[in-house]
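Quick notes on the structure that follows.
The values are calculated or read from the model by the stated rules, or taken from the named source; none is laboratory data. Bear in mind that the values here come from a model prediction, so they are computed numbers and not experimental data. All Cβ positions, glycine included, derive from the backbone under ideal geometry; neighbour counts span all protein chains shown. Surface accessibility is based on the protein's heavy atoms, side chains included, excluding ligands, DNA and RNA. Shrake-Rupley method; radii C 1.70, N 1.55, O 1.52, S 1.80 Å.
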Amino acid sequence: MTIKTDNLKLNDEKITNTIESWRQKGQLRQLCKRQIFTIDSPSIETEKATVVLIHGFPTSSWDWLPIWQTLNKHYRLVSLDMLGFGFSEKPNQRRYTIHGQADLFEALIDELGLKEYHILAHDYGDTVAQELLARQYEAKGSGQCLSCCFLNGGLFPETHRALFTQKLLLSPIGAFVNRFNGYASFKKNFSSVFGPQSKPSEFELQVFWQLINENDGKHLFHNLITYINDRKQHRERWLKPLQDSATPLALVNGSVDPVSGKHMVERYKELACRLDYLKELEAIGHYPQVEAPQDVAGAYLEFMDQIACEESENK
């Protein structure tokens with residue numbers, strides 16, 4: 001398979017095998033009248049609980065690969081590629097909303113009959129998780145969310161430092177800008193949010209790029225980026241459940257992330273949001289599960305053990 005990346009042509013069977021291996025982990029399901037790629041992976045050793053993983057922008061559920069096997073030893077893992085991402089359907093429309101993406105997760109939760117589950121979210125997925133928590137807060141959500149752990153993401157619009165290219169995509173000239181952005185631009189901008197010592201490899205970059213381009217997906221960047229407006233519009237709705245949550249909440253954050261790093265954690269504390277567990281990765285950027293998978297998996301398992309201990313003590 002030849003992947004065209006501007007002036008670069010890489011004929012690499014490993015990339016093809018990696019992508020197809022991930023595709024084979026899941027299946028397409030009809031959710032909310034859309035073809036959505038989903039994964040439901042029973043735990044390897046013992047099925048203690050279910051964790052729903054929610055990926056970020058502009059990537060896909062493949063983001064979770066570096067920590068998947070470690071977590072899957074202990075938990076049933078459920079995930080999907082949201083509308084417009086990865087292997088899922090990618091309609092060319094401006095009507096992508098966080099509420100719509102949350103609907104997909106609830107549809108999957110209902111279809112799988114999940115009565116209880118935990119959430120692990122990243123980036124754009126953090127905002128989807130916030131909407132799911134808002135529904136739980138209103139006692140209108142599907143199943144019962146037992147905990148939520150946020151990796152780096154724009155939980156508060158006032159602390160989200162959008163990249164210049166994101167601002168252009170959101171502007172009236174977004175479609176024009178997107179049309180002329182290729183692999184070289186993606187590589188530069190995407191790598192810029194990683195830590196200085198944990199940049200993505202060329203192989204990782206090319207897999208990310210290939211998954212973005214599945215089903216002609218690159219043309220959607222200027223449509224998908226409208227989530228930034230959603231965050232501003234629904235700030236209070238998505239803040240309240242964090243402050244008054246009955247659900248244990250955790251942060252695992254790459255501190256040197258220019259988009260939502262240490263400054264986001266400080267704002268989280270300023271706003272008196274519930275915080276049951278905090279792990280700050282001092283040299284890591286915006287994609288901690290890719291940059292420091294062992295640290296992230298270890299922190300998440302520690303958080304989950306903490307919850308289990310507290311539940312046991314309360315019985």
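Rounded to a whole number, what % of the accessible area of the chain do carbon and sulfur atoms account for, probe 1.4 Å?
48
From largest accessible area down, sort ASP81, ASP305; use a 1.4 Å probe on the protein chains.
ASP305, ASP81
Which of the GluC sites (Glu not before Pro) found in segment 228-315 are loop residues per DSSP with 16 or fewer other Cβ atoms within 10 Å of their Cβ?
Filter output for segment 228-315: GLU282.
What does the helix-only formula give at 222 nm for the chain: each DSSP H stretch with n ≥ 4 adding -39500 (n - 2.57), the total divided by the residues, and the result rounded to the nearest 500 deg cm²/dmol?
-13000 deg cm²/dmol
Using DSSP to define loop residues, name the chymotrypsin sites (Phe, Trp or Tyr not before Pro) in segment 32-138 whose beta-carbon has at most 11 other beta-carbon atoms within 10 Å.
Within segment 32-138, no chymotrypsin sites (Phe, Trp or Tyr not before Pro) qualify (loop, at most 11 other Cβ atoms within 10 Å).
Which FRET efficiency value, to the nearest 0.05, is calculated for ASN213 and LEU28 with the Förster distance at 25 angstrom and r the Cβ-Cβ distance?
The value I calculate is 0.90.
Could you quote the convex hull projected area for segment 31-110, Cα atoms only and averaged over all directions, in nm²?
Result: 5.3 nm².
Helix 13-25 sits at what angle to the longest principal axis of the chain, using alpha carbons and giving 0 to 90 degrees rounded to 10?
40
Tell me, what is the percent relative contact order of the chain, built from C-alpha pairs under 8 Å that lie six or more residues apart?
Relative contact order, the chain: 19 percent.
Roughly how many Å² is the accessible area per residue of segment 1-148, as a whole number, for a 1.4 Å probe?
With the other protein chains kept in place, segment 1-148 gives 42 Å² per residue.
Using the C-alpha gyration tensor of the chain, what are the square roots of 5 times its eigenvalues, in whole angstrom, with the largest one first?
28, 22, 20
Which of the trypsin sites (Lys or Arg not before Pro) found in segment 63-112 are in a DSSP loop and have at most 15 neighbouring Cβ atoms, other than their own, within 10 Å?
Those satisfying the criteria are LYS73, ARG94, ARG95.
Please list the non-local residues whose amide H lies under 5 Å from the amide H of CYS149, H modeled 1.01 Å from N, same-chain partners needing a gap of 5 or more.
ILE119, LEU120, ALA121, ALA250
Would you mind listing how long segment 100-148 runs along its three principal axes, going by Cα atoms, in whole Å with the largest first?
26, 19, 17
In whole Hz, what ³J(HN,Hα) sequence does segment 297-302 give by Karplus (6.51, -1.76, 1.60; θ = phi - 60°), x for Gly and Pro?
Couplings: 4, x, 5, 5, 5, 5 Hz.
Just to be sure I understand the curve: with the Debye formula and one point per C-alpha of segment 265-312, what is log10 I(q)/I(0) at q = 0.31 Å⁻¹?
Taken in order of the listed q values, log10 I(q)/I(0) reads -1.07.
If each of ASN181 and GLU282 carries a label point 7 Å out from its Cα toward its Cβ, how far apart are those two points in nm?
3.4
Can you tell me the order of 202-209, 187-194, 248-255 when each peptide is scored by its average per-residue count of other Cβ atoms within 10 angstrom, highest first?
Highest to lowest by the protection proxy: 248-255, 202-209, 187-194.
With viscosity set to 0.692 mPa s at 37 °C, what whole-number translational diffusion coefficient in µm²/s follows for segment 219-315 from Stokes-Einstein and a Kirkwood radius over Cα pairs?
It comes out at roughly 215 µm²/s.
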